[in-house]
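J.: Can you keep this structure in mind? I'll have questions shortly.
The values are calculated or read from the model by the stated rules, or taken from the named source; none is laboratory data. Fair warning: this is a prediction, and the values are worked out from it, not measured in the lab. When we count neighbours, we look across all protein chains shown, and the Cβ atoms used for this are built from the backbone with ideal geometry, even at glycine.
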Amino acid sequence: MSSKKIIIVGSGFSSLSASCYLASKGFDVTILEKNKTVGGRARQLKRDGFVFDIGPTFYWMPDVFERFFNDFNTSTKDYYNLNKLNPAYQIYFGKKDSISISDNFEDIKTTFEGIEKGSANKLQKFIDKAQRNYNIAIKDLVYKPGVHVFEIINSKTILKLYEFILTIKKQVTGYVKNKKLQKILEFPVLFLGAKPSNTPSFYNFMNYADFKLGTWHPEGGMYEVVKAMTSLSKVLA
Ligand SMILES: Cc1cc2nc3c(=O)[nH]c(=O)nc-3n(C[C@H](O)[C@H](O)[C@H](O)COP(=O)(O)OP(=O)(O)OC[C@H]3O[C@@H](n4cnc5c(N)ncnc54)[C@H](O)[C@@H]3O)c2cc1C
């Protein structure tokens with residue numbers, strides 16, 4: 001009996017990921033893409049001898065990428081080399097006014113302390129809280145199939161009710177007074193396509209990803225991840 005056919009519209013990360021899981025379960029997967037190349041927002045642009053990633057550049061949560069490849073008995077290392085960036089990134093408040101974020105949390109605390117006395121301890125407490133949320137969000141929530149509300153309302157998240165009411169902006173204000181430090185701590189939820197003023201503080205797990213897990217970059221650019229997922233999906237087909 002021939003395997004069931006699945007057509008996936010689009011070839012972004014989500015489609016490539018779905019194609020791998022479906023192909024590994026024996027489905028006959030076809031991807032339809034309207035653009036000339038795969039990758040969606042993470043496409044590559046080649047012009048005048050230069051190569052650009054047109055979308056994502058921040059490779060955060062390397063554990064999540066690793067888990068994806070491990071699901072197929074392979075590893076990111078089989079496809080690309082990752083480098084942890086130091087500085088992770090630099091935030092500009094004006095032309096000659098910037099703050100560098102180190103790849104080391106103790107150094108980040110020193111940077112904070114240099115700007116606002118007492119903020120290193122506050123940052124430690126903030127990140128400890130963020131780590132607890134990361135463990136709930138990444139280990140307990142994001143891998144759920146998303147079919148029932150009780151996947152997100154559970155014994156762990158119910159205890160966090162206040163963090164779903166308080167916004168990240170409000171929470172950050174309670175930890176640091178300096179406006180620039182506040183902006184730095186508000187920045188990571190941008191990756192959720194969200195505004196700190198209307199995002200629950202539970203999402204501070206993004207800050208843990210930022211300051212503790214670090215900012216990485218695949219040699220050759222983010223398109224290496226697209227190439228890796230594409231070639232894995234072909235192996236599984
Ligand atoms: C400028 C920019 C910077 C970003 N920076 C980061 C970052 O640093 N780190 C990070 O983690 N994330 C970042 N992101 C977000 C990240 O790129 C996206 O979340 C991710 O690429 C989305 O993948 P997706 O598969 O969900 O959707 P998409 O990549 O949008 O894929 C959808 C695909 O479907 C195709 N499609 C749509 N309709 C049709 C149709 N009718 N027929 C055929 N094909 C169709 C599209 O052409 C596209 O290829 C950034 C995004 C942008 C735009």
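J.: Report, by residue number, each residue of region 115-142 that is closer than 22 Å to I101 by Cα and either part of a loop (DSSP other than H, G, I, E, B) or modelled with pLDDT under 95 (or both).
T.: Passing the criteria: E116, K117, G118.
J.: Considering only residues that are modelled with pLDDT under 95 and of a type in the set (S, T, Y), look in region 1-36 and name the one that is surrounded by the most Cβ atoms within 10 Å (Cβ to Cβ).
T.: Result: S3.
J.: Among the residues of region 80-108, write down those that are more than 17 Å from I184 (Cα to Cα) and aromatic (F, W, Y).
T.: Across region 80-108, the qualifying residue is only Y80.
J.: So D210 fits all but one of (1) in contact with a helix residue (DSSP H, G or I) (Cβ under 8 Å, 6 or more places away or on another chain); (2) charged (D, E, K, R); (3) away from the ligand (no atom under 16 Å from the Cβ); what number is the exception?
T.: Exception for D210: condition (3).
J.: Go through D28, D48, D97 for me and flag whichever is over 27 Å from V142 (Cβ atoms) and outside the structural domain of E224 (by TED's automatic domain parsing).
T.: D97
J.: Could you grab me the full set of residues in region 208-217 that are surrounded by 22 or more Cβ atoms within 10 Å (Cβ to Cβ) and either of a type in the set (D, E) or not in a helix (DSSP H, G or I) (or both)?
T.: D210
J.: Which of the residues belonging to region 30-56 are under 12 Å from T230 (Cβ atoms) and hydrophobic (A, V, I, L, M, F, W, C)?
T.: Once the filter is applied, which keeps residues that are under 12 Å from T230 (Cβ atoms) and hydrophobic (A, V, I, L, M, F, W, C), region 30-56 yields I31, V38, A42.
J.: Moving to a separate point now. Taking region 12-49 as the region of interest, how many residues are under 20 Å from D71 (Cα atoms), within 21 Å of the chain's Cα centre (by Cα) and small (G, A, S)?
T.: Going through region 12-49 one residue at a time, the tally reaches 6.
J.: Need pairs with beta-carbon distance below 7 Å; first residue at pLDDT 95 or above and within region 156-171, second in a loop (DSSP other than H, G, I, E, B); sequence gap 6+ or separate chains.
T.: T167/T199; I168/T199
J.: I've got another one for you. So which pairs qualify, if the first residue must be in region 187-200 and within 19 Å of Y89 (Cβ to Cβ), the second must be surrounded by 16 or more Cβ atoms within 10 Å (Cβ to Cβ) and of a type outside the set (V, I, T), the Cβ gap must be under 6 Å, and the two must be at least 6 apart or on different chains?
T.: P188/M206; P188/N207; P188/D210; V189/P196; V189/Y203; V189/M206; P196/K169; P196/E186
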